[in-house]
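Remarks on the structure that follows.
The values are calculated or read from the model by the stated rules, or taken from the named source; none is laboratory data. Only a predicted model underlies this, so the values are computations on that prediction, with no experimental measurement involved. Here the Cβ positions follow ideal geometry from the backbone for every residue, glycine too, while neighbour counts run over all protein chains shown. Side chains included, ligands, DNA and RNA excluded: accessible areas come from the protein's heavy atoms. Shrake-Rupley method; radii C 1.70, N 1.55, O 1.52, S 1.80 Å.
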Amino acid sequence: MYIDFHCDTLMLTWENIPGENVIENTKYHLDLKSLVETKVKAQFFAIYMLQPSDFTELQRPVVDDREYIYSLAKDLQDGVSQVHEMEMAYSWEDYKKNLSLGKTSCFLTIEDGRYLTNPEKIREVYELGVRLVSITWNFPNALGYPNSTDPKKMEKGLTSWGRDAISLMNDLGILIDVSHLSDGGFWDIIKYSKKPILASHSNARAITNHPRNLTDDMIKTIGNKGGIIGLNFSPTFLNEKNPSPGEKNRVSRIEDMILHLHHIKNKGGIETLALGTDFDGVSGYLEIDCPQKYESLCEAMKKGGFTEREIDMFLYKNGERFLRDTL
């Protein structure tokens, strides 16, 4: 039983091309049927905001942000409605109800808050069903600034509107995600968020020195404030010795995942660990490339000294506590 706080599948299954739809496909890391088969308790589906070049690469029609968001939300909601063992979830109560019925919950998220330029748009996506927002992707937006190898850019925090937006999202019940955010933005969110936060798909910077990963101080602070950190399966964020992004011989190894899990546990506490695979948003060779292989990670955790209780906390119990406290 698992809760995964981040996947990018919707950007690939958009428009339901035969063999590439969200219900069932063989090309991508996951689909709805595979989640049901592996007894996933909840899957968070990101609406990753495509860049102009992405539309061409994915052979999709170029549309504006609003049409794109609505289209992907509809794809997920329509797909879930066709799978008896699944339901959409928009609250902690929805999740509990679905769980009692033996159904997998699907949550809708947005990766890159560039569309959220005013309070009305935040309320709009909330009404659409969005319950988590990754504040930035790799470019500045109306809310704040992304991670960077440039120390000066990394220091930049939230915009004035971004600080107000955090408060509004807290009030509505939209989870605040700091993955991809600058270090300055992270500390601003710690200052302004009234609720626990998460890094939905980030690892430990002390193990892999990449700006997308979290410093020890960040890990400790997230843990102290009741937040969670989703383990990212990307080769780039697991091991800095991997080749550059885009090269096919990058490898996502389970042994590297164990190193990150131990480090995050030691710095932030066992209550901080969660799953944030980044499935269908990462490339290279993945030793765990689908939900059906999660058991391999569980076995490696046992061999690495994690107890059954700690493994369950990582897989879903910490996630459940976080949802109860924030949604």
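Here is how the numbers come out for the structure above:
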| item | result |
| --- | --- |
| Amide H within-cut-off set for I23, under 5 Å, with H built and near neighbours excluded | L32 |
| Inter-centroid distance (Cα atoms) of the range 21-39 relative to the range 103-175, Å | 27 |
| Prolate/oblate/rounded label for the chain (Cα gyration tensor, a/c 1.5) | rounded |
| The range 92-236 - Debye-derived log10 I(q)/I(0), Cα point model, q = 0.10 Å⁻¹ | -0.33 |
| Where labels lie 7 Å past Cα in the beta-carbon direction, separation of Q77 and S283 in nm | 3.3 |
| Gain in span if fully extended, K225 to L128, counting 0.36 nm per residue against the direct Cα distance | 32.1 nm |
| Per residue accessible area in Å² of the chain, where ligands, DNA and RNA are left out and the probe is 1.4 Å | 41 |
| Segments 192-199, 146-153 sorted - mean Cβ within 10 Å per residue, highest first | 192-199, 146-153 |
| Cut-off 11 Å between beta-carbons: net charge of the residues surrounding F237, Lys and Arg +1, Asp and Glu -1 | 0 |
| Separation of the S53 and A142 label points, Cα + 7 Å toward Cβ, nm | 2.6 |
| Summed residue charge, Cβ within 15 Å of T159's Cβ, Lys/Arg positive, Asp/Glu negative | +2 |
| GNM top mover of D312, D177, D64 - the chain, alpha-carbon springs below 10 Å | D64 |
| Net charge contributed by nearby residues that have their C-beta within less than 12 Å of N21 (K/R +1, D/E -1) | -4 |
| Prolate/oblate/rounded call for the range 173-327, Cα gyration tensor, a/c under 1.5 rounded | oblate |
| Within the chain, helix-based [θ] at 222 nm, where runs of 4 or more DSSP H residues each add -39,500 (n - 2.57), nearest 500 | -11500 deg cm²/dmol |
| 3J(HN,Hα) from dihedral phi, the range 141-151, Karplus parametrisation 6.51/-1.76/1.60, rounded to Hz, x for glycine, proline | 9, 5, 8, x, 10, x, 5, 7, 7, 8, x |
| Estimated inter-spin distance, K191 and K152, nm [label 7 Å along Cα→Cβ] | 2.1 |
| √(5λ) per eigenvalue of the Cα gyration tensor, the range 133-216, largest first, Å | 20, 14, 10 |
| Accessible surface of the range 125-170, 1.4 Å probe, proportion on carbon and sulfur as whole % | 50 |
